[in-house]
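Worksheet: the structure to be examined is printed underneath.
The values are calculated or read from the model by the stated rules, or taken from the named source; none is laboratory data. The structure presented is a predicted model; accordingly, all values stated were derived computationally and were not measured. Here Cβ is always computed from backbone atoms with ideal geometry, including for glycine, and neighbour counts include all displayed protein chains. For the accessible areas, the whole protein counts, side chains as well, though only heavy atoms, and no ligand, DNA or RNA atoms are used. Shrake-Rupley method; radii C 1.70, N 1.55, O 1.52, S 1.80 Å.
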Amino acid sequence: MQNTIDELNRRFQGASTREILEYFLHRYTDKIALASSFGAEDQVLTDLLYSLKDDADVFTLDTGRLPYETYDVMQRTNVKYGVKIAVFFPVSDDVEKLYASQGINGFYESVENRKSCCHVRKTVPLKRALAPLDVWITGLRRAQSVTRETIQVVEWDEANGLIKINPLIDWSEKEVWEHIKEHKIPYSDLHDKGYPSIGCAPCSRAVKSGEDIRSGRWWWENPEHKECGLHLKTS
């Protein structure tokens, strides 16, 4: 599989985001989907996908702790593209056990607690969403975080047993926002309030000018810990 991944990365060296998406949409048809958090990058990809395929598959994870603004942009996105983006929820029994073990906001107390919360609310639902797929699309960019500097356009996700593609890998933040403005794409109001990265409400906050764009996520942890488990590199 690694030979295939390497070959694909060579093939798409210098390719545009649209070319990458066209190739995988054509080859994998109904076995490919975008996992969207309704952040700026995912909104760009949603717009590109629906411009290429009216019935492209996009899904999101509702952790139960999302800010109101995320639900608002979800609704505006559904209306703009005439779709109803699929939503995957945590298993209720798992959430109840999580609460029993660490309380409502125990994730602030340790990295282990936070990762347990992310596992229940994000990783487990993601596995269920990815189960029927061969490829999942993400909005990861190298410039977002120190944990993402080595990502490639095409990767093998060993944990989920499928190909992961990152078509915006080399985009700058400026390019993301230029595309959003040009195509009048719905985006979260929190971005205008200083939130470059938006996840669960208790784990996201605004950042100051000049700060790392991921510094508002899990700000009480060291930068090298700042992944929820969805995008850990395993190969």
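What the table shows:
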item	result
Net charge dipole size for the stretch 9-51 [Lys, Arg +1 and Asp, Glu -1 on Cβ; Debye, nearest 20]	280
Distance between modelled label sites at V87 and D62, nm, 7 Å Cα→Cβ extension	0.2
Distance between modelled label sites at T150 and K80, nm, 7 Å Cα→Cβ extension	3.5
Positive-end residue, the stretch 1-69 charge dipole about Cα centroid, Cβ charges, pick of L52, L8, L66	L8
3J(HN,Hα) from dihedral phi, the stretch 186-192, Karplus parametrisation 6.51/-1.76/1.60, rounded to Hz, x for glycine, proline	x, 8, 5, 4, 5, 4, 6
Accessible area of the chain belonging to carbon and sulfur atoms, whole % at 1.4 Å probe	50
Bins of 5 Å, starting at 0 and running to the largest distance - Cα pair percent for the stretch 163-202	5, 17, 22, 27, 18, 10, 2
Long-range HN-HN contacts of V58 with modeled amide H, under 5 Å	L34, A86
E109, E19, reordered so the largest accessible area comes first (probe 1.4 Å)	E109, E19
Cβ-defined net charge surrounding L61, 14 Å radius [Lys, Arg +1; Asp, Glu -1]	+2
Net charge of neighbours whose Cβ lies under 12 Å from the Cβ of P125, counting Lys and Arg as +1 and Asp and Glu as -1	+2
Full-stretch length increase - Q13, I213 - with 0.36 nm per residue and alpha-carbon distance subtracted	69.4 nm
Loop-located trypsin sites (Lys or Arg not before Pro) in the stretch 19-92 whose Cβ has at most 16 other Cβ within 10 Å (DSSP)	K53, K84
Where the chain is the region considered: accessible area per residue in Å², 1.4 Å probe	50
With DNA, RNA and ligands ignored, accessible area of D93 (1.4 Å probe; Å², nearest 10)	90
